[in-house]
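Please treat every number below as a calculation from the coordinates, not as lab data. In this text, all values refer to a predicted model and were calculated from it rather than measured experimentally. Note: ideal-geometry Cβ built from the backbone for every residue, glycine included; neighbour counts use all protein chains shown.
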2 protein chains.
Amino acid sequence: MVTSPKPIREEAELATGPCKVALVGFGTVGRSVARILTSRNSQDLQLTHVFNRNVDRKRADWVQNGVQWTQDFDDVLNSDVDVVVELVGGLEPAGEWVGHSLKSGKSVVTANKQLIARRGPELLQLARANGLHLLYGASVAGGIPVLLGLQEGLGGDRIHRISGILNGTCNYILSQIENAHISFAEALEQAQAKGFAEANASEDIDGYDARAKLTILARTALNAGLEPEQVATRSIREVEEIDFAYAHDLGCTIRQISRAEVKDKTLFAGVQPALVPQASALARVTGSQNVIVSAGEFGGETVFSGHGAGGDPTAVAVVSDLLWLSRNRHSRVAAEAKPTSDLSISGDFKTAHYVRFKVADKPGILAALANVFSRHEINVDAVLQQAGHSKAALPFVITLEPCRVEKLHQALAEIRKLEFHVAPPVDMPILT
Amino acid sequence: MVTSPKPIREEAELATGPCKVALVGFGTVGRSVARILTSRNSQDLQLTHVFNRNVDRKRADWVQNGVQWTQDFDDVLNSDVDVVVELVGGLEPAGEWVGHSLKSGKSVVTANKQLIARRGPELLQLARANGLHLLYGASVAGGIPVLLGLQEGLGGDRIHRISGILNGTCNYILSQIENAHISFAEALEQAQAKGFAEANASEDIDGYDARAKLTILARTALNAGLEPEQVATRSIREVEEIDFAYAHDLGCTIRQISRAEVKDKTLFAGVQPALVPQASALARVTGSQNVIVSAGEFGGETVFSGHGAGGDPTAVAVVSDLLWLSRNRHSRVAAEAKPTSDLSISGDFKTAHYVRFKVADKPGILAALANVFSRHEINVDAVLQQAGHSKAALPFVITLEPCRVEKLHQALAEIRKLEFHVAPPVDMPILT
């Protein structure tokens, strides 16, 4: 049922001039947004305010005259802007500012994945209650119009699975370990030197950035009431160069994969390093690009890829949302889509597994491992051992037939107690 | 400037119930649409009419009771349906029915690429004049939400190039010549046996289907006033298995590529077989899938791929349009986007070229060819000749540095008159 929200303005008051825009945050993305708005010189969008802390050091002479530069957020709230573009990031004060903006009759466009992942449903509700729009196309995969594609373009399908590469930093690091034959630490250092890694590298490499994006995608595409903490999340820190050598032997590569799937009334959601076939869309994304693959009951697989981060691509998503808003700001706000309520949430995917051991070699190791897996009713698929490694720290791999992750981890807990390990075993799902 | 169209209904009359839908055409796509609508059992869309010639042989018992089956189009026009879904295809009578529907106050959703390519702007104008919507997301690339992605999702960018694989039949045929090592004629026969090739195979293989889609994409993404006849269009009939062998030597494969690019106030538009790098997104699309790559000034390259044809994927696009309409049917109709008026249109791309000869071998052939190219100021890049072919019909390839197509064709017109040819030379662009 379409319900009519309380209109904040009467029809007669509807503005017909350009949509007035306040930029809140004038960093890399903010400057790109201003540059695009300036270069469009459009009749439908007018930049009227730029807010930033210590705004004087931000002031840019290429921004048109008449724009008010301010470091007092109340100047934005008390103005007649139609839309506030929040580009500050983080939960607070961004969340407070978004809330105040909506309560003051201003629609909001944001690129803030953490805020939307944590408080999206509540803020959308607030926007609806005020007959306003809250748009966040830039919060996932930057310039790739995947949220719109899933919500509107594939709205007629029943999507049951999404998987993707949502963090360009991890993709860069893993690609570098693979292609430049360097260690994780060296690849991370390179990424930081090139400015790919965000201020807190843990956000990226430990999966918190990707899980926020996956949360938003799952809500949009799978209509699932997911919270970021419910996503089974694992770091890529354990991945070594040797793992790529073995992955290649299996026709695969290793990527940080975010995935969510609805099966038997359960939503499985996870972010972790995984083996993916080299011929798959997930493996082919290079450098800092992003890709999202959706699978629908009627439309099958659809792939979206492109630049998932960076000032300009993210600004494209912001300006696209602004243009949509300028055309639709007086249209009825869509009713809330109630998330499917009977889904339980789990990270306990059933998949094939790759387990890499590093051992001080001696007779009987394989028998001991096979014995534990057998007791846990896990079937060994293959054993891979490349020549040329030291017997003192011998890396080899066991692949396992599909089983639940938790079952595997129970077996690995036992295996870790065995005495021949030089390093703890590393396990990753093999996605097909 | 946003202009307000004449509203066809007063605000007070606005229906708030479900959006009533008439299906016009109950073939593969129509049945899929009905099936999705039936399985959604949604509150917002209600199938009320199915129109088809000789409707009695089409009647399906799984369609809910209460739907009126008719072979008289006036039953649709005189009903209270909100939207007519045109799935008849072809220019007439589909065009007449779409026009009558819009004049009778009914919005239209269509999958008809030929109609939209030829009469889209005029029919959109008619829809706008009546305050109605004409949506055609299903007309290009079936289930891939690329029109929406380009128009709305990347609306904030300035897109200057689109290229893609828009015809699954050609992609299947070329893939089969490449992988099954069969002739064009055999591959076409297979495609027809499998039901991939449309009734008139020429539509597909000679590029008319793809050029209609490219026309619609170029209007949407490049804001260009393009007509299908202005697209430089070449058949894939000349491509032979030997061309794949040489393409592979160049790190490429051969695909039917549709592309449009704005450069120096000229819109270049073409549909033709071309060499594309094996590592590119265009090369990786297999079987009957479609892909579209857009390039924007700010967002860089964005890739959309998936199922571009078939009943269910096309129906997903239709139902997605219907859902959009059910939410937005009373919203203001967007003002006409005036196409950029100062673009001249050309098929005379500047690219590198592949030219394959088949000759009765004798001394002096290469000198003669080099001589002609030199006189036309075209630089030869490389000469490729694989061993093991008969001297009586020797295939070899010359690659040329970038030059305009027309210049090449002038040189080839001279070359064709030389006496050593066993078959006419075949030229294709090499895209990088």
For chain A, percent of DSSP beta bridges that are antiparallel (nearest 5) comes out at 65 percent
Just to confirm the number: angle between the C-alpha axis of helix B:208-222 and the first principal axis of chain B, 0 to 90 degrees, nearest 10?
70 degrees
Suppose we consider the axis relating copy A to copy B; can you name the residue of A with the nearest Cβ and state that distance in angstrom as an integer?
A:Ser331, 2
Which percentage, to the nearest 5, of the DSSP beta bridges contained in the protein assembly as shown is antiparallel?
65 percent
Largest first and in whole Å, what are the equivalent-ellipsoid semi-axes of region A:105-147 based on the Cα gyration tensor, each being the root of 5 times an eigenvalue?
19, 11, 7
How large is ³J(HN,Hα), in whole Hz, for each residue of region B:347-356 in order, when computed from phi with the Karplus curve 6.51 cos²θ - 1.76 cosθ + 1.60 and θ = phi - 60°, using x for Gly and Pro?
x, 8, 4, 9, 8, 6, 10, 10, 10, 9
Put a label point 7 Å from Cα along the Cβ direction on B:Ala387, then list its distances to the equivalent points in the other copies in nm, shortest first.
3.0
With r defined as the distance between the Cβ atoms of B:Val383 and B:Glu419 and R0 fixed at 22 Å, what FRET efficiency is calculated, to the nearest 0.05?
0.65
Give the whole-number value, in cubic angstrom per residue, of the convex hull volume spanned by the C-alpha atoms of region A:77-123.
64 Å³
Volume per residue, Å³, of the convex hull around the alpha-carbon atoms of the protein assembly as shown?
192 Å³
Based on the alpha-carbon set only, what is the convex hull volume of region A:84-164 divided per residue, in Å³?
103 Å³
Defining the label point at 7 Å along Cα→Cβ, can you sort the distances from A:Pro363 to the same site in each other copy, shortest first, in nm?
7.4
For helix B:365-375, report the angle its Cα long axis makes with the longest principal axis of the Cα atoms of chain B; keep it between 0 and 90° and round to the nearest 10°.
60 degrees
Tell me, what does the Kirkwood hydrodynamic radius of chain B come to in angstroms if you use every pair of distinct C-alpha atoms?
23.4 Å
Taking only DSSP H segments of four or more residues, each worth -39500 (n - 2.57), what value at 222 nm results for chain B once the sum is divided by all its residues, to the nearest 500 deg cm²/dmol?
-10000 deg cm²/dmol
What percentage of all Cα-Cα pairs in region B:112-230 are separated by more than 21 Å?
46 percent
Taking max minus min of the Cα coordinates of region A:274-412 on each principal axis, largest first, gives extents in Å of 74, 39, 24
Distances from A:Arg158 to the same residue in each other copy, label points 7 Å out along Cα→Cβ, in nm, shortest first?
4.6
Taking the C-alpha atoms of region B:279-350, how large are the radius of gyration and the largest Cα-Cα span, Dmax, in Å?
17.4, 47
Assuming R0 = 45 Å, can you tell me the calculated FRET efficiency for the pair A:Ala295 and B:Ala367, based on Cβ-Cβ distance, to the nearest 0.05?
0.20
Per-residue Cβ counts within 10 Å, from other chains only, averaged over B:311-322: what number is that?
5
With 20 Å as the cut-off, how large is the P(r) tail for region B:145-211, expressed as percent of Cα-Cα pairs?
42 percent
Angle, helix B:28-40 long axis vs. longest principal axis of chain B, Cα atoms, 0 to 90°, nearest 10?
50 degrees
For a quick size check, give me the Cα extents of region A:379-432 along its three principal axes, largest first, whole Å.
33, 27, 15
Surpassing 23 Å at the alpha-carbon level, of the pairs B:Lys263/B:Lys338; A:Lys106/A:Lys213; A:Lys338/B:Lys106; B:Lys265/B:Lys350, are A:Lys106/A:Lys213; A:Lys338/B:Lys106
Using the basic label-point model (7 angstrom from Cα toward the beta carbon), what is the B:Ala201 to B:Ala393 distance in nanometres?
1.9 nm
For region B:336-390, go through all pairs of different Cα atoms, get the mean of 1/r, take its inverse, and jot down that Kirkwood value in Å.
15.3 Å
Which whole-Hz couplings ³J(HN,Hα) result when phi for each residue of region A:47-56 is put into the Karplus expression 6.51 cos²θ - 1.76 cosθ + 1.60, θ = phi - 60°, listed in order with x for Gly and Pro?
6, 10, 9, 10, 9, 7, 5, 6, 4, 4
Under 20 Å from B:Lys358, Cα to Cα: aspartates and glutamates that are on another chain or at least 8 residues apart
B:Glu178, B:Glu238, B:Glu240, B:Glu241, B:Asp243, B:Asp249, B:Asp381, B:Glu414, B:Glu419, B:Asp427
Quick note, region B:146-307: a/c under 1.5 would make it rounded; otherwise a/b > b/c is prolate and the rest oblate (a ≥ b ≥ c, C-alpha gyration tensor); here it is prolate
Using each residue's phi in region A:109-122, evaluate 6.51 cos²θ - 1.76 cosθ + 1.60 at θ = phi - 60° and report the 3J(HN,Hα) Karplus result to the nearest Hz, with x for Gly and Pro.
10, 9, 10, 8, 5, 5, 5, 5, 4, 8, 10, x, x, 5
Under 5 Å between amide hydrogens, which residues at least 5 positions from A:Val50 or on another chain qualify, with H placed 1.01 Å from N in the peptide plane?
A:Leu23, A:Gln68, A:Trp69, A:Thr70
By the mean-Cβ-within-10 Å protection proxy, highest first, A:62-70, A:234-242 rank as A:234-242, A:62-70
Here the equivalent ellipsoid of region A:233-340, derived from its Cα gyration tensor, has semi-axes (largest first, whole Å) of 33, 20, 13
